[in-house]
Amino acid sequence: MNQTNSIVIDGNLVKDPVLSEPKAGFKVCKMTVAVNRWYKDESGNAVDKVSYFDVDAYANSAEFCNKYAKKGAPIRVVGRLQQDRWTTKDGKTDSKVIVVAEHVEILKRPGSEKIDTEENKGTENQPAVEAQKEALPVEQAAVF
């Protein structure tokens with residue numbers, strides 16, 4: 001029986017995504033998403049804690065993110081956690097947990113009327129771009 005492994009994060013891109021093709025025909029887009037959490041400490045002072053998540057998107061999703069996701073963009077990632085392990089030069093085992101994106105949305109900025117993609121630039125209330133070519137209303141976001 002499979003166990004549950006899923007994650008949803010809403011945050012902002014720290015820098016522009018980086019698209020690579022490590023093998024012919026195999027594309028990966030690497031991104032880092034900053035997620036803010038606000039709370040009050042025991043003294044009642046507001047605290048802003050930021051967590052950074054490395055995200056990998058593949059295939060059409062990788063191309064979509066590379067084309068439309070830019071530094072600072074509000075983004076939602078739905079995916080799974082993956083732990084990579086390796087042995088360092090000194091023989092120690094090291095690891096890193098990344099988010100493997102299964103669904104990504106470029107969210108609207110507060111007060112924004114639409115997502116600016118090539119296909120809807122300059123239009124009002126037109127469908128946003130979807131990597132699988134199934135259009136969604138702009139109010140929902142640009143999704144792949």
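The values are calculated or read from the model by the stated rules, or taken from the named source; none is laboratory data. Predicted, not measured: the structure shown is a model, and the values here were computed from it. Positions of Cβ are generated from backbone atoms using ideal geometry, with glycine treated the same way; all protein chains shown enter the neighbour counts. Note: accessible area is taken over every heavy atom of the protein model, side chains too, but ligands, DNA and RNA are not part of it. Shrake-Rupley method; radii C 1.70, N 1.55, O 1.52, S 1.80 Å.
Here V78 clears all of (1) in contact (Cβ under 8 Å) with a residue 40 or more places away in the chain; (2) loosely packed, with under 14 Cβ neighbours inside 10 Å; (3) among the β-branched types (V, I, T) except the condition numbered (2).
Number of residues in the range 30-53 that are open to solvent by less than 90 Å² (accessible area, probe 1.4 Å), within 28 Å of Y68 (Cβ to Cβ) and either in a loop (DSSP other than H, G, I, E, B) or not aromatic (F, W, Y) (or both) equals 9.
Restrict the check to the range 58-67 and report whether at least one residue is under 24 Å from S6 (Cα atoms), at pLDDT below 95, of a type in the set (S, T, N, Q) and buried (at least 18 other Cβ atoms within 10 Å of the Cβ). Yes, the range 58-67 contains a residue that is under 24 Å from S6 (Cα atoms), at pLDDT below 95, of a type in the set (S, T, N, Q) and buried (at least 18 other Cβ atoms within 10 Å of the Cβ).
Based on this model, can you work out whether G72 counts as outside any strand (DSSP E or B), modelled with pLDDT of 90 or more and not hydrophobic (A, V, I, L, M, F, W, C)? Spelling it out, G72 is indeed outside any strand (DSSP E or B), modelled with pLDDT of 90 or more and not hydrophobic (A, V, I, L, M, F, W, C).
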